[in-house]
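Chemist: Can you keep this structure in mind? I'll have questions shortly.
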Amino acid sequence: MDNPWRHVPQQPPYVLPPDLPAVTSFNQRVGEDHQIHPELLPQPYFGDPTAPIVLLNLNPGFSEHDHLLLDDPLGQALSRKNLLHQPMDYPFFLLDPRIAYAPGAKWWKARLGALIRLVGVEAVAHKICCVEYFPYHSRKYGDLGHIIESQRYGFHLVEQAIERRALIVPMRSRRFWCEQVPRLSTYNQLHACSNRRRPYISSGNLSATFPTIEHILRS
C-alpha cells in the first residue's frame, strides 16, 4: 500500500486532501476539547515501521506548546522524515535528545522511561514503533463516526506487523483497533497494558510481557 503521507501539504492546514471534508465538518460541530488541530503536522506513527515491537495508541494529543516543534527547522524536518519513513538517528524521532523540549517528546519519554533506563534511548528508538489509530492532533479524541482515508495506511502497518510476528501492545482503545484489524483479536503476540488510563510501558503495566520486551530490545 502506498504511503499517503507523501502528499501532506507543505503549508497548513496539514490535512490530506481526502480527509479534509471530514475533518472540516467535524470541527464545525464539536467543542474546543475535541477540535482537530490542522495547523500541526499529523503524527500517524513514530519509528521504524519494521520494528519488532509495535505500540498501538489512539491519537496524538494537543498542547499549546506543540507549535514549538513545527517552528524549529530541525523539529519540522524530523517530523516530515518520520511521515516518509526516512532513516534517522532516532527512528522514534520524539526520543531524539535535540527536540526534548517538545510536549510530545516529554509524553513519550515518560511512557517509555522504564525501558530507556534499562536499555538506553537508542535501543528503544530503533526497536519500538507506535501507530496511532487517528493521525491528527486533538486535546481529546472525538469519534468522527467513520474511518477516514488516511487511517487505512495505519491499519495496513499493523497488518504487516502481524505478518512479521511483531510483539504488539495496545496502549489504548484495543476495541477500536480490533474492529479495524480483526486479526488482532486472535493474535497470540498481542499484550495489552493492564492500566489503559496510564499506558506506561512498565513492569507493573505489562508484568508478564515486560521481560520479553526487554529481551527484544537487548538482542
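Chemist: Is it fair to say residue 141 is assigned to a loop (DSSP other than H, G, I, E, B) and under 16 Å from the mean Cα position of the chain (by Cα)?
Modeler: Numbers: assigned to a loop (DSSP other than H, G, I, E, B): yes; under 16 Å from the mean Cα position of the chain (by Cα): yes.
Spelling it out, residue 141 is indeed assigned to a loop (DSSP other than H, G, I, E, B) and under 16 Å from the mean Cα position of the chain (by Cα).
Chemist: If we keep just the residues of the range 159-187 that are in a loop (DSSP other than H, G, I, E, B) and touching a residue at least 40 places away in the same chain (Cβ under 8 Å), which is farthest from residue 134 (Cα to Cα)?
Modeler: In the first step, residues of the range 159-187 are kept if they are in a loop (DSSP other than H, G, I, E, B); the result is 164-166, 171-173, 181, 187.
If we keep only those that are touching a residue at least 40 places away in the same chain (Cβ under 8 Å) as well, we get 164, 166, 171-173.
Values: 164: 23, 166: 21, 171: 14, 172: 12, 173: 11 Å.
Looking at residues that are in a loop (DSSP other than H, G, I, E, B) and touching a residue at least 40 places away in the same chain (Cβ under 8 Å), I get 164.
Chemist: Could I ask something else about it? Looking only at the range 199-216, decide whether some residue is surrounded by 15 or more Cβ atoms within 10 Å (Cβ to Cβ) and among the acidic types (Asp, Glu). It would help to see each step written out before you state the result.
Modeler: From the range 199-216, those surrounded by 15 or more Cβ atoms within 10 Å (Cβ to Cβ) are 199-203, 205-206, 209-210, 213-214, 216; that's our starting set.
Going one step further and asking which of them are among the acidic types (Asp, Glu), we end up with 214.
Yes, the range 199-216 has at least one match.
Chemist: Can you tell me which of 122, 159, 132 is surrounded by 17 or more Cβ atoms within 10 Å (Cβ to Cβ) and either within 23 Å of residue 23 (Cβ to Cβ) or out of contact with any Asp or Glu (no Cβ under 7 Å at 6 or more places or on another chain) (or both)? Don't jump to the end; show me each part of the working.
Modeler: Details: 122 fails: surrounded by 17 or more Cβ atoms within 10 Å (Cβ to Cβ); 159 fails: surrounded by 17 or more Cβ atoms within 10 Å (Cβ to Cβ).
After applying the criteria, what remains is 132.
Chemist: Ok, one more. If we keep just the residues of the range 34-44 that are under 19 Å from residue 145 (Cβ atoms) and touching a Ser or Thr at 6+ places or on another chain (Cβ under 8 Å), which is surrounded by the most Cβ atoms within 10 Å (Cβ to Cβ)?
Modeler: Looking at residues that are under 19 Å from residue 145 (Cβ atoms) and touching a Ser or Thr at 6+ places or on another chain (Cβ under 8 Å), I get 36.
Chemist: Follow-up. Which pairs have Cβ atoms under 7 Å, sit 6 or more apart or on different chains, and link a residue in the range 6-26 that is assigned to a loop (DSSP other than H, G, I, E, B) to one that is surrounded by 18 or more Cβ atoms within 10 Å (Cβ to Cβ) and of a type in the set (Lys, Arg)?
Modeler: Between residues of the range 6-26 that are assigned to a loop (DSSP other than H, G, I, E, B) and residues that are surrounded by 18 or more Cβ atoms within 10 Å (Cβ to Cβ) and of a type in the set (Lys, Arg), there is no close pair.
Chemist: Restricting attention to the range 57-91, which residues are touching a Leu at 6+ places or on another chain (Cβ under 8 Å), hydrophobic (A, V, I, L, M, F, W, C) and either part of a loop (DSSP other than H, G, I, E, B) or closer than 21 Å to residue 177 by Cα (or both)?
Modeler: Passing the criteria: 62, 83, 88.
Chemist: Moving on. Working only within the range 184-201, note down all residues that are more than 29 Å from residue 119 (Cβ to Cβ) and touching a helix residue (DSSP H, G or I) at 6+ places or on another chain (Cβ under 7 Å). Spell out the reasoning first.
Modeler: Looking only at the range 184-201, we keep the residues that are more than 29 Å from residue 119 (Cβ to Cβ), and these are 185-186.
Selection gives 185 alone.
Chemist: Shifting gears a bit: Which count do you get for residues in the range 147-177 that are under 13 Å from the mean Cα position of the chain (by Cα) and either among the basic types (Lys, Arg) or closer than 12 Å to residue 44 by Cβ (or both)?
Modeler: Total satisfying the criteria: 7.
Chemist: Also, I was wondering about something else. When you go through 146, 156, 85, 126 one by one, which is the residue that is touching a residue at least 12 places away in the same chain (Cβ under 8 Å), closer than 21 Å to residue 202 by Cβ and not aliphatic (A, V, I, L, M)?
Modeler: Only one candidate qualifies: 126.
Only the coordinates and a few stated rules stand behind these numbers; no lab work does. Quick caveat: nothing in here was measured; it's all calculated off a predicted structure. For neighbour counting, all protein chains shown are included, and Cβ atoms are generated from backbone atoms with ideal geometry for every residue, glycine included.
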